[in-house]
Amino acid sequence: ACSSNVSNNNSASTPGTDGTKSESTAYVPTELKVQFVPSQNADTLEAKAKPLEKLLGDKLGIPVKVTVSPDYNTIVEAMSSKQVDVGFLPPNAYVLAHDNRKAADLLLQAQRYGIDDATGKDTTEKVNFYKSMIVVKKDSPIKSLADLKGKKIGWQNVTSSAGYVYPAAELKKAGVDPDTDVQGVTIKGHDAAILALLNGQVDAVAVFQDARNTVKKEIPDIFEKTRVIHYTAKIPNDTVSVRSDMDQAWRDKISQAFIDIAKDPKGGEIIKEIYTHVGYEKGDDKNFDSVREYAEAVGQTVK
Amino acid sequence: MAVLFSFHPIGGESWEQMIEFRNVSKTYPNGTKGLNNINLTIKEGEMVVIVGLSGAGKSTLLRSINRLHDITSGDIVVGGRSVTSTGSSELRRIRRDIGMIFQSFNLVKRSTVLRNVLSGRVGYHSTLRTVLGLFPKEDVELALTALERVNIREKAYSRADELSGGQQQRVSIARALAQEAKIILADEPVASLDPLTTRQVMDDLQRINREMQITTIVNLHFIDLAREYATRIIGLRAGAVVFDGTPEEATDEAFAEIYGRAIKHDELLGVGS
Amino acid sequence: MAVLFSFHPIGGESWEQMIEFRNVSKTYPNGTKGLNNINLTIKEGEMVVIVGLSGAGKSTLLRSINRLHDITSGDIVVGGRSVTSTGSSELRRIRRDIGMIFQSFNLVKRSTVLRNVLSGRVGYHSTLRTVLGLFPKEDVELALTALERVNIREKAYSRADELSGGQQQRVSIARALAQEAKIILADEPVASLDPLTTRQVMDDLQRINREMQITTIVNLHFIDLAREYATRIIGLRAGAVVFDGTPEEATDEAFAEIYGRAIKHDELLGVGS
Amino acid sequence: MIFIVVLVACSIHTDATPYQLIVGLPEMGKLLREMFPPDWSYLPTIWKPMLETIQIAIVGTTLGAILAIPVALLCAYNVMPRKLISLPMRTILNLVRTIPDLLFASIFVAVFGIGPFAGMLALLFFSFGIIAKLTFEAIEAIDPGPLEAMTAVGASRIQVIAFGVVPQALPYFVSYLLYTFEVNVRAASVLGLVGAGGIGLLLDRSLGLFRYDRASIIILLTLVIVLAIDYGSNLLRRKLL
Amino acid sequence: MNDPTLRRPVGSRLRLWAIAILLIIIYIWAFRGMQFEGLQGTAKSVSVAILDGFLHPDWSFVYIPEGEDLLRGLLDTLVISILGTFVSAFVCLPFAFWASSNLTRLRPLSGSGKFVLSVIRVFPEMIVAILFIKAVGPGSFAGVLALGIHSIGMLAKLFSETIESVDHGPQEALVACGANRLQVIFFAVLPQVIPQFLSYSLYRFEINIRSATTLGLVGAGGIGTPLLFALQMRNWNRVGVILLGIVVLIILTDLISGWLRKRIV
Ligand SMILES: Nc1ncnc2c1ncn2[C@@H]1O[C@H](COP(=O)(O)OP(=O)(O)OP(=O)(O)O)[C@@H](O)[C@H]1O
Ligand SMILES: Nc1ncnc2c1ncn2[C@@H]1O[C@H](COP(=O)(O)OP(=O)(O)OP(=O)(O)O)[C@@H](O)[C@H]1O
Ligand SMILES: [Mg+2]
Ligand SMILES: [Mg+2]
């Protein structure tokens, strides 16, 4: 399962000695274990590990092993027990992993094409955020957040940034308590949420922008049948994080490798196709303060 | 004890040649030859006792009559109808008229004694009715009478696996009695019974046979019982008929032939009566 | 056929009063009284035959000797050691010295005949060894000899469920023979055997009993067999001892007492010999 | 022999070494420690979803079991010797068992909407698959003697089943039914998938927020219920055996 | 018939009624929890889309030169299942005998065995998965272990119930020979229960093949991950071909296991 041709032309082939400032405990990888959970706002999901293994392995000069998980909890736990070195974590997972489990540090943030509010289609602008939205049926009397009082709302799991944390926090700001003023129903899957809305089982749903695309094959006129009443603030895109004891030199090296891959025409195509990433930029933990703030607003205080 | 069983020959047709074996052979899948070219005609009302060494094929012969075993070649005709080539509902009708007492009882251990006996009646009623357990009252009484006949009426509501070996044997006899058949096949019906019950059971079989003209075929190991009760004795050896005659003809020499070697007098169990 | 079994009384201690029942009662969980205050002393070398109606408690009595059943009250002492209060490894040793032949054979149907017989030897070897199937050659030969004794050596490698009823009975006898015990308990060992094999088995039991001083207790339904082979006859009725004496003392009147009512001469199976 | 070769090949393929496991044991211990003490204050919150789960599981399991009875009988060779019927039945059974609960969830949500009804249907199909399969194999293993006796008295096939098969197979059936019920109660995450709530959702939530102390109280409550089912199951089986 | 001793005892009949009434109450309560809301508006279009996807499986996924295709996924799954099942089938044996109440007179002993098994079974797959990921890292090995643990819980329970329902006679015969507990198990119990054991193990093997979710969770590769993602993305053509693959695999194992059983039983 290891990448085969490791062309050892890389200068850093003698790890451990060059990291002069590294504390004695810093971890120097001889094999890089990467795991990712595809983020929910991607519209093509492929559980593919191999292409990334090869791209990264070529750049880093050490074997790379990539696995996929549908659940971020397992990635964070694996990182905290040093079984995984690099993880693609969604924003809230990163915050929990960083603040709560002390398991991961931010390296990069993924860039995606923005989404046009009007059409729900991709723009050509590379952005490091996405949004969540609250959707109702076209003919619904609900026009604003305040109208949601007493209504039935379909949430995602409470750990979902787009499906609960952000929209619920903004609902609260608008004076509607998400716990008591509305009737919440937990729906697993943004696609199922849209269907539940169409079927009238809920009055509104909170989904990522623009989840309606996922059911477009089955219900081609989904955009005509529904209406967005609210877009939330920007939610940071998913991260590339490393385990917290990673050697600094290797952090830089890994960051650079990802950035290079995205810039390389062939590499760029692959990561776009598989992860819908169009680029990476240096991550800044401050970007995630909004995530913390929103989580706190809905009562998910980070210990 | 005084209750008499009323066996109604159903349909009223008279079967002169009750059971006929025509060149019947049976080979078990593992190659053992159970029956070897048997030709027999058993008439209505006969009381046939089959004797033979252990493993001679007695059970196999009995079971092929109601086609619990398929035979390998030949044909068996019961009441004018071939059991080897009949359709399934016809076969069921034939089987209903044949009561069977098994060597290993074949009771449903987990069911009550009464239910085991009642199960002998299912051939007479619609499937739905029996499945719902709606046996007519007469059937229940018939079953209880049959149990009384074999002296275990008080165990009617016990589970079959709470009975002693002989008691289980008696339940299986009661099941066959309750069936009111035209033919009774009994595979060592008295093997685990005490002498008293043995007598009772054999007397019962004989009375049924005589009074109702029920054809009865019994596998037995007791030569004296065979001589006393049979109207005809058939000796089997290695799957073949080696003796066929009246009890009078079944001399000690004849038994010596059946058992494959001369038998000293004191070896014949209870022969001296 | 000429092979003689060599039974080695293990340990060499002499048990004068082989088996002792002291006020033994047994009530089944469903309330049936199996044994009712039994007091008995059976000496080394006796050949005891227990008779009684079906359901009288014969099997229950036998099974309580090696504690296959726990008794409700009283005490049973075998070879000076109480089986009711002994530790488990001690109890295993006692059991190894008691061979048992079951009314319902109790064979492992899916195993071969030979393995069934060999299982009688497990008490003599270490767990590991037997579990791996590493029986010494002598054991295998002993097992084959035992099978020959009961005339089914040729079935040694057949599966037990391919045998006829009588053949299965013989396998279970062979298992007890191969065990080389000091006491043999036989629960209707000849119930499904033909007269020839019956004689052979009873002769075997007798020879073993006489030559090796193996105490033997047999449940039987045949009065003539009981009279012929027993050195002592015990009659049970409703769980209590109602007769205990020599075969000479076991007159027809005595049997009438055991079976609960006077028995007409022709009801006693084979009694007239 | 072939078996050992296959096993070794499999071990190599998966890089399975006991050494790794032993070295990693302390890490497992760390997580288990985090589960204590359980967050007792969470108990009132999980009470209701647990009851809901049980409710849905009862209905789903029962209906699935009822559906399984005829199918199991039709699949068993000793009851239904004609392969023309038993083979297609087995194939259908295989197909039903293959479909993952996720797919059931997608279909039922689309057709019946989110809620307990869709959840019940998902459990129904799942239970049906397990019970039918296990029961038909148990039926094939019963003592043929009583079947023979029933055949000999001229019983129809259904009568043979009622008097010969049912009494013998019933303890197994009940045991599988209760076992499936237990599986449904504790593995009720599928209920979350169809928006039927249930305890699985709360477990997901606790794990998502790394609240292992809450997960442990959920496990404890489930354990209590599973033990209760176990107790009932043993009681029933002892009655039937 | 009028003899009162012949009827079922009144006490047991009363108990029967009490149980029946209790059951009815439970069922009424349970059924009241289900509200049937009728067919939904999206029923038709979604069903049609799913069906259409199944009718046009994504054949291109069967084999992809770079890997991570259907065939390799199935192979991974198969290998993990074989290992997980095999290991657990052996490990669970002592547990099964421990938990069987007919092999010991001591009720607490078998009770404790049953309790341990319940605890094993009650651990959610998700947590078991996390535990093993923490120990050995994500991948096939964690998959084997996670499947193995769950298999032990289930198999040992089913095995022990089989043991409890075997014919008691042969055990008695062995006990009467002075065999110790282990010898009784090997000579009298095992030969009787092996067919059932085999049957359960094969069934568990089949479950393991299907447990896409667990394997997906532990990042074990196998066919589970692509299936999960295809379902999430409502890519029915892909789902169709994966299911087809699983069906074929299961039918194949069914055939092989049927053949195996016939040879051993
Ligand atoms: N497991 C059991 N549970 C309840 N009652 C039982 C059980 N086993 C035997 N009995 C009852 O105990 C009494 C004595 O049974 P036992 O088996 O000792 O009789 P037996 O003398 O051996 O009869 P047989 O000659 O028919 O074998 C019988 O009434 C029987 O019904
Ligand atoms: N299912 C079977 N498979 C293979 N061989 C069998 C089977 N059943 C019986 N046999 C063999 O067929 C022969 C005849 O068996 P059968 O049961 O008819 O004997 P039997 O005369 O009834 O003997 P017993 O008096 O001991 O009951 C025996 O050698 C036996 O081993
Ligand atoms: Mg026979
Ligand atoms: Mg008895």
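The values are calculated or read from the model by the stated rules, or taken from the named source; none is laboratory data. Just so it is clear, the structure is predicted and the values come from calculations on it, not from any experiment. Please note: Cβ atoms are built from the backbone with ideal geometry, for glycine as well, and neighbour counts cover all protein chains shown. For the accessible areas, the whole protein counts, side chains as well, though only heavy atoms, and no ligand, DNA or RNA atoms are used. Shrake-Rupley method; radii C 1.70, N 1.55, O 1.52, S 1.80 Å.
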Inset, instruction - Scan the range C:96-110 for residues that are open to solvent by 20 Å² or more (accessible area, probe 1.4 Å) and within 17 Å of C:Thr215 (Cα to Cα) and report the count. - result: 1
Inset, instruction - Would you check if there is a residue in the range D:71-79 being of a type outside the set (Gly, Ala, Ser) and within 30 Å of E:Arg32 (Cβ to Cβ)? - result: yes
Inset, instruction - Name the single residue, out of those in the range C:112-123 being open to solvent by 10 Å² or more (accessible area, probe 1.4 Å) and not hydrophobic (A, V, I, L, M, F, W, C), that is nearest to the other protein chains (Cβ to nearest Cβ). - result: C:Gly123
Legend entry - Single match in A:Gly87, A:Gly114 (criterion: crowded, with 24+ Cβ neighbours inside 10 Å and in a strand (DSSP E or B)): A:Gly87
Inset, instruction - Among the residues of the range E:149-160, write down those that are open to solvent by 10 Å² or more (accessible area, probe 1.4 Å) and out of contact with any Cys (no Cβ under 8 Å at 6 or more places or on another chain). - result: E:Ile149, E:His150, E:Lys157
Inset, instruction - Taking D:Pro88 as the residue in question, decide whether it is under 25 Å from the mean Cα position of the chain (by Cα), within 14 Å of chain B (Cβ to nearest Cβ) and either under 30 Å from B:Gln179 (Cβ atoms) or free of Cβ contacts under 8 Å to residues at least 24 places away in the same chain (or both). - result: no
Legend entry - Number of the exception - D:Ser41 against (1) under 30 Å from D:Ser127 (Cα atoms); (2) without any contact (Cβ under 8 Å) to a residue 60 or more places away in the chain; (3) more than 12 Å from chain E (Cβ to nearest Cβ): (1)
Inset, instruction - Pull up the range C:136-153, narrow it to residues that are surrounded by fewer than 21 Cβ atoms within 10 Å (Cβ to Cβ) and free of Cβ contacts under 8 Å to residues at least 40 places away in the same chain, then point me to the one that is farthest from E:Ala179 (Cα to Cα). - result: C:Arg153
Legend entry - Test result for C:Ser158, more than 28 Å from B:Asp252 (Cα to Cα), within 14 Å of ligand 2 (Cβ to nearest atom) and either open to solvent by less than 10 Å² (accessible area, probe 1.4 Å) or aliphatic (A, V, I, L, M) (or both): no
Legend entry - Checking E:Gly222 against (1) at pLDDT 80 or above; (2) open to solvent by less than 20 Å² (accessible area, probe 1.4 Å), the condition it does not meet: (1)
Legend entry - Selection from the range D:106-126 of residues that are within 8 Å of another protein chain (Cβ to nearest Cβ), aliphatic (A, V, I, L, M) and buried (at least 24 other Cβ atoms within 10 Å of the Cβ): D:Val109, D:Ala110, D:Ile114, D:Met120
Inset, instruction - Within the range C:223-245, work out how many residues are touching a Lys or Arg at 6+ places or on another chain (Cβ under 7 Å) and open to solvent by 30 Å² or more (accessible area, probe 1.4 Å). - result: 0
Legend entry - Flag if C:Ser126 is within 16 Å of ligand 3 (Cβ to nearest atom) and open to solvent by 20 Å² or more (accessible area, probe 1.4 Å): no
Inset, instruction - May I ask you to list pairs of residues, at least six apart or on different chains, whose Cβ atoms are under 7 Å apart, with the first in the range B:96-112 being closer than 19 Å to C:Ala191 by Cα and the second being open to solvent by less than 10 Å² (accessible area, probe 1.4 Å) and among the β-branched types (Val, Ile, Thr)? - result: B:Ile101/B:Ile173; B:Leu107/B:Val171
Legend entry - Checking B:His125 against (1) on the phi > 0 side of the Ramachandran plot; (2) touching a Pro at 6+ places or on another chain (Cβ under 9 Å), the condition it does not meet: (1)
Legend entry - Single residue of the range B:152-161 satisfying the filter (within 11 Å of chain C (Cβ to nearest Cβ) and part of a loop (DSSP other than H, G, I, E, B)) that is nearest to ligand 4 (Cβ to nearest atom): B:Ile152
Inset, instruction - Confirm whether D:Ile99 is in contact (Cβ under 8 Å) with a residue 12 or more places away in the chain, within 19 Å of the chain's Cα centre (by Cα), farther than 30 Å from E:Lys44 by Cα and open to solvent by 20 Å² or more (accessible area, probe 1.4 Å). - result: no
Inset, instruction - Pairs only if they're at least six apart or on different chains, beta carbon under 8 angstrom, first in the range E:124-135 and among the basic types (Lys, Arg), second open to solvent by less than 10 Å² (accessible area, probe 1.4 Å); list them, first residue then second. - result: E:Lys134/A:Glu77; E:Lys134/A:Ala78; E:Lys134/A:Ser81; E:Lys134/D:Gly24; E:Lys134/D:Leu31
Inset, instruction - For the range A:182-202, name all the residues that are closer than 19 Å to D:Leu191 by Cα and hydrophobic (A, V, I, L, M, F, W, C). - result: A:Val185, A:Ile187, A:Ala192, A:Ala193, A:Ile194, A:Leu195, A:Ala196, A:Leu197, A:Val202
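Yes/no matrix, rows are residues, columns are (1) open to solvent by 20 Å² or more (accessible area, probe 1.4 Å); (2) more than 16 Å from ligand 3 (Cβ to nearest atom); (3) closer than 16 Å to B:Ile101 by Cα:
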residue: B:Asn39; (1), (2), (3): yes, yes, no
residue: B:Ile42; (1), (2), (3): no, yes, no
residue: B:Gly52; (1), (2), (3): no, no, no
residue: B:Ile65; (1), (2), (3): no, no, yes
Inset, instruction - Identify, from the list D:Leu31, D:Leu73, D:Leu67, D:Leu51, the residue that is under 27 Å from D:Pro167 (Cβ atoms), part of a helix (DSSP H, G or I) and more than 16 Å from the chain's Cα centre (by Cα). - result: D:Leu73
Legend entry - Residues (within 14 Å of chain A (Cβ to nearest Cβ) and open to solvent by 50 Å² or more (accessible area, probe 1.4 Å)) located in the range E:236-252: E:Asn237
Inset, instruction - Test D:Leu201 against the stated conditions and say whether it is aliphatic (A, V, I, L, M) and open to solvent by 20 Å² or more (accessible area, probe 1.4 Å). - result: no
Legend entry - Checklist (1) open to solvent by 10 Å² or more (accessible area, probe 1.4 Å); (2) of a type outside the set (A, V, I, L, M); (3) more than 17 Å from C:Ala238 (Cβ to Cβ); (4) more than 14 Å from ligand 4 (Cβ to nearest atom) applied to B:Ser172, failing item: (1)
